[in-house]
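Okay, so here's the structure we're looking at.
The values are calculated or read from the model by the stated rules, or taken from the named source; none is laboratory data. Quick caveat, the model's predicted, so the values are computed rather than measured. With ideal geometry, Cβ positions are generated from the backbone for all residues, glycine too; neighbour counts draw on all protein chains shown. Surface areas here come from the heavy atoms of the whole protein model, side chains and all, with no ligands, DNA or RNA. Shrake-Rupley method; radii C 1.70, N 1.55, O 1.52, S 1.80 Å.
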Amino acid sequence: MPPQVSDQDLGDAILRSVENGAFPQSEDVASALVTSTVVPKLLAAVDKAREDTKNEIRKLSRETAPDVDGWIAQARKLQGDIKRSQETAHEIVQQAESGKNNAARVQDAAAKVSFLYSEITYNESLVQVVEQVRDISALLEAAQEAAVHGHVIHALNRLEDGHGALKRLGPFGNTRVVGVLRSKADQLRAAIVETTTESWNALILADTAERRLSLKEEIQNGESIHIKTVVEALTKLNLLDGFISRLSRDLDTLILSSRLVIGADRLVSSFEIDRDDIQVKGHVSDMSVQAALQDIQGFAEYLSTRLPPSIAIPLSDKWVPIMAKQLIDNWLLPAVPLSPNGVSDFEETLSLVLGLALFFDELEWTGQDRLRDWVDKSPEIWLARRKATAIARVRAFCPRRVREKKTVERVETQMVSKGDAVLGAQEEQDEDWGAEWGDEAEPGKDGAAPQADEVEEEDMSAWGIDDDEPAEEIQQESKPPEQGDNSEEDTEAWGWGEEDETQPVPLEPSSKPSEQKKSNVKATVPQKLALEKELTLRETYTVTAIPDSIVEIIMQTISDVGILNKPDLINSIVAPASVGLYAIPSLLLAMYRATAATHYSKDVAGNMLIYNDCSRLSDRLRSLVHQLTENDKTSSIPQHLRPSVSLKLDNDIKTIEAFGKRAYGREMESQRTIVRDLLDGAQGFQTCTAAPFAAECDNAIAMTIDRITEVKRQWQTILSHSALLQSLGSLVSTALTKFITDVEDITDIAEDESRKLHGYVVSLSSLSSLFQTEDAAGTSRDMTNVYTPNWFKFQYLGEILDSSLADIQFLWTGSELKLEMEAEEVVDLIKALFAESDYRRKAIGAIRRATLRRYALSSLVNSLLHTKKPIPFEFLINGQFLRTSIDEFLTQNGISAESTLNVEYTRALIPPLHVASFEHDDWVSAVDVLSQTSPAGVWSGEHGIQSGQEQILTASYDGLLRVWNLSGDAIAISTPPYNSGRITSLKTAKWLSNKKIVAAGLDNVVRVYKYDEDTRAITQSLELYNHRWGVEDVAVHGPTNRILSASTDATISLFSATAKDSPAAPSTLLPTSTTASNKRQKLSKPEKSVPTRGALTTLSGHTAPASNVIFKPEDATVAYSASHDHTLRTWDLPTSTCVDTRTTSHSLLSLTALPKLNLLATGTSARHITLIDPRASATQIAVMTLRGHLNAVVSLDTNPNSEYGLVSASHDGTCRIWDVRSVKPNAGAMVDGGQVGESVYVVEREGMGGKSKASGDGVKVFGVRWDADVGIVSTGEDKRVQINRGVGERGGG
């Protein structure tokens, strides 16, 4: 039931809802029921509320009524003010409008006044213009009157005044009357020009037909006309320059050219002077330069006396240069002497030329500077003419002399020992000489004189393929004599020859046939035991007349230099330029090279003639140089003018030899290509028994034989005997190589095919007839095997094609087949010739077992390991690297073939290749690497260096530290230390952590630097003082913050890298310890002082400079030091005592540890590395000696990837990589030196080009580090940091 609510409450709720929009808060009221009986009461309440509201509004209106009345009054007053303002504004506008009208009237009046003034001004100016026109007319009439009476100058002056007046008319100049005056003035000027021109032509008359020129000073034309008057008139008319130019042309055409230009008939006209006339008459009888100069001077005198200076001087500026050019081109240049005989006459001619120029100067003429310049440059002109003439002679005689051929003899004397093949077997004399000759003529084994550029191939040195060649073959090659033996030469320089070890020379691609019978082992017996004999070798070959003609010109040129510097000509004008004649030989040889292809092209053996001529030229030039050197020993000419000093022919001789060899190489390559193309017609001999291919194969063999035979016919009259055999050997070798390759490529050879192929072998073997020679006794000798390197292999191929399995196996085991063919080659041939059977398998197995070498073992291990990519391995047997076959190793070491061998394999060291070089401003003394695997990187922990962010630290002789990234950017450079004037060159630097660097040098101070990679700053944080002399080396230990330093004061110092752990620095060693240093400090006080500290302890004991110091790798309380006093000392750091001393035979310069082997490696001044066992129990000081360097070993570091490896840096300019297991074979044990080791690889400085010298001048290596991530980093005298890294590895380990 709804709640009961009173009518009053319900009405109030409705009113509040209407007034405020509020909903009833009472639940009873909100839910109350409104009935019809209640509505009237609610309406009554609403009416009452409405009346109350009205009454309240009325009350408020009565209360605010006075205020409203005031507002209304104010509004009415404001409205009145606005109306009055509008009226005032209207009045102002009316007044402004009336002002505008007045201003317009004023402006109009002003314009009229201005117009009147301008009219007045115009009228006044018009009056002035009329007066000026009248004056101009009077001037023109006066000018006309003067011209009529012959007063040309007066007329021109009046005419000039008239023109000036016309220009001053201004805007009236365009009026008609002025135009009439201008026209009259122009007509008057034209009349004067015509009159003046007639006068000029009458005074200066050029008669082309008579070739005569007349110059008159005055003429009569009604009245006297003087040439000066005409000149003045022409000057005022601005026409004089044109008339003088025409006169100059007339002088050149009529007189000068006739006298100075020599015609094709070699005749020159002469001229005569008759008072005012000069005329060309007859021909000159005296064709000397002196006569020409005299005539020119006479001509100049004629002009100077007939013409006033106003004409003569400007005329000289035009005709004198023309005359000078003609005189130089036609008379002076031909007068330049081409031999010393004409030098005196030439000097006289130059004096006359200078006299002529001086005569022109006296006349105040111009244009003669060209003559004076030519005299001043006469030495250069003489030299240029000598050069041009010599070149022209070569260009002229080459086409003729190339057809003149002659036979020349080459003689060479050599000292040969008793064991030489020439003395050991007289019958081989011709062959040995021929081979020697052939070597000098054609350095290539295949006959190609110039060795082609090596084709870049994959480096296979780590596989040891070269090592797998038989020892006999390796020893067949000897180093070419012209290369010299640098190591032996350097050894003699050091005086340590008794310690040298004989090294086998590696096999070179350009082998020499004669050297196949020689040994490369150097003689180690005393010279007095060697029986030697002088042997003279002779051989003839054909050349053209060109080489001798060129040498003749060269000799004449050199002779001229000597003559020009004799007392009678030493003061001549060309003598100073005589040294320039020494450039002529180079120019002649260059001209010969440039034109040789054209001159020799018509000869079928043109390239071979070029080769012979170049050989002849080089031989004669060498002899000439030697002769001149001997002559200069007694010569009296100045040192700088002697041929031995100024005549530089070495490069020209090399160039001409190279040119000849290139010609020879082109010819040989052309012939080899022809041979290969002929054999290609057989299509690989795949079906040599089936028609029609059989005929093609037969034709290919026959044509190849015919071609090589024809080549011999063409060349045998040209080449020397040995060169001919060498060249034919190359062609035959090409043919045999092609045939052998084609046969080996056949996978299945039937019996009839085998017989056919054997027949081809027999046919090609007939080429041996080309190599038949006779010795002095007339005995015929077959030299095919000497000049055809693969001859024996070819013969063995023929034997295999015609043999049974047993015969082939015997050839391999019982003969020298293995020296000519690889085992797999024979195996492949057996597989192609014989069907599968047990006999074939047994024969193949026997062949393969006899050739088990390093390469085969490496392939076997790769197969067993199932490697995805073949890996080269090294093999150690009894601790020695395998360098031969196992059979040979057993034989050399006296091991039974039935013994069990313990073979160890290890990954082969990859040859380090050059990666990058960083340039410095000065020598780079030391280097260190910061990487994840370097000691400083490991000490830095997880916050150290990141992969790919490796950094390189270098110390330089300029006193600066530099930090590099691997891109070659110097990311941080230190500032020079404040050292009070001491030397700041740095000798050593090490990373202590990724934030700290330690460095020291010649200023005796060890410095600790703070390195901030973010700001790229290297700042000093601590200076450590204890040494009195320079510091050579420092060693650091990051975990303990300890530093060791080795000094030339013979002490070792132990420092702390933190200032709080270090004692005060000795006051006597500080830079402020002297008065002088105090003064310097005041003058150059650093911006920020650096803390100074002293050493924790000093280790004394060395008696000479300490060169190197290291911490023991596994125990930082122990240190090792090396010194120039030959000792290696072990130090106990806690007690500061020396616990062990090992004395060697040489000064020790560098030191590193091989901890796994308990060895220390020390570099010595005696060029070797000594491995020392520092343990007290060791009974031998030197365990092993590593030899190979040619100079002092100054830096060492260990291989981070191998406990047996290390790298060394030497003053010989190289770094060498060593493996202590690599023992030199047959070296034996040295006295107190243990075994002798040899280097694995040699790292040269980039740019050396393989020309290492013991002195290492310019490329000495000062420091080296080997990092697993970066590679081998070395520094040196060449101002570079060089990085080398192994192929396929990041660090090259």
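If contacts are Cα pairs under 8 angstrom and at least 6 residues apart, what is the relative contact order of the chain in percent? Show your work: numbers first, answer last.
On the way: 2099 pairs, mean separation 71.1, N = 1293.
Relative contact order comes out at 6 percent.
When only Cα pairs below 8 angstrom with a gap of at least 6 residues are kept, the stretch 1154-1201 shows a relative contact order of 36 percent.
Taking amide H atoms as placed 1.01 Å from N in the peptide plane, the amide H of D1197 lies under 5 Å from those of V1207, each 5 or more residues away in sequence or on another chain. Computed packing ranks the peptides 244-250, 1190-1196 as 1190-1196, 244-250, most packed first, by mean other Cβ atoms within 10 Å. Each part reduced to its alpha carbon centroid, the stretch 1013-1042 and the stretch 830-880 end up 56 Å apart. So what is log10(I(q)/I(0)) for the stretch 960-1041 at q = 0.21, 0.26 1/Å, when the Debye sum runs over its Cα atoms only? Cα-only, vacuum Debye calculation for the stretch 960-1041: -1.00, -1.37. Computed from backbone phi with θ = phi - 60° and the Karplus coefficients 6.51, -1.76 and 1.60, the 3J(HN,Hα) list for the stretch 1203-1211 is 6, 9, x, 7, 10, 10, 10, 9, 6 Hz; x is used for glycine and proline.
Its DSSP H runs of at least 4 residues, each contributing -39,500 (n - 2.57), put the calculated 222 nm mean residue ellipticity of the chain at -14500 deg cm²/dmol, to the nearest 500.
Taking amide H as placed 1.01 Å from N in the peptide plane, N1108 has its amide H under 5 Å from the amide H of A1122, each at least 5 places away in sequence or on another chain. The calculated FRET efficiency for R410 paired with A1064, based on their beta-carbon distance and R0 = 60 Å, is about 0.15.
For the stretch 1148-1221, the gyration tensor built on C-alpha atoms gives an oblate shape. Its axis ratio a/c (a ≥ b ≥ c) is at least 1.5, and a/b is not larger than b/c.
Within the accessible surface of the stretch 301-363, defined with a 1.4 Å probe on protein heavy atoms only, the carbon and sulfur portion equals 55 percent.
Ligands, DNA and RNA left out, the 1.4 Å accessible surface of the stretch 639-755 is 50% carbon and sulfur atoms. With θ taken as phi - 60° and the Karplus curve 6.51 cos²θ - 1.76 cosθ + 1.60 applied, the whole-hertz 3J(HN,Hα) list for the stretch 41-54 is 5, 5, 5, 4, 5, 5, 4, 4, 5, 5, 5, 5, 5, 4 Hz, x standing for glycine and proline.
Work from the charge dipole of the chain (Cβ charges, +1 for Lys and Arg, -1 for Asp and Glu, about the Cα centre) and give the residue of I204, I313, V148 farthest towards its positive end. Value computed over the given set: V148. Between Q297 and D1140, the modelled labels are 10.1 nm apart [label points 7 Å from Cα along Cα→Cβ]. Highest mean first, the peptides 32-39, 176-183 sorted by other C-beta atoms within 10 Å per residue fall in the order 176-183, 32-39. Remark on S720: its backbone amide H falls under 5 Å from those of T542, a criterion applied only to residues 5 or more positions apart or on other chains, H modelled at 1.01 Å from N. Over the stretch 198-315, what is the relative contact order in percent, taking alpha-carbon pairs closer than 8 angstrom and at least six residues apart? Worked out over the stretch 198-315, it gives 26 percent.
Counting Lys +1, Arg +1, Asp -1, Glu -1, what net charge surrounds L260 among other residues with beta carbon under 12 Å of its beta carbon?
That sum, taken over residues with Cβ under 12 Å, equals -1.
Residues in the chain average 50 Å² of solvent-accessible surface per residue, probe 1.4 Å, ligands and nucleic acids excluded.
Checking (1) 2, 8, 16, 22, 22, 17, 9, 3, 1, 0, 0; (2) 2, 8, 14, 16, 14, 11, 10, 10, 8, 5, 2, 0, 0; (3) 1, 6, 9, 10, 10, 10, 9, 8, 7, 7, 6, 5, 4, 3, 2, 1, 0, 0 against P(r) over Cα pairs in 10 Å bins from 0, in percent calculated from these atoms, the matching label is (3).
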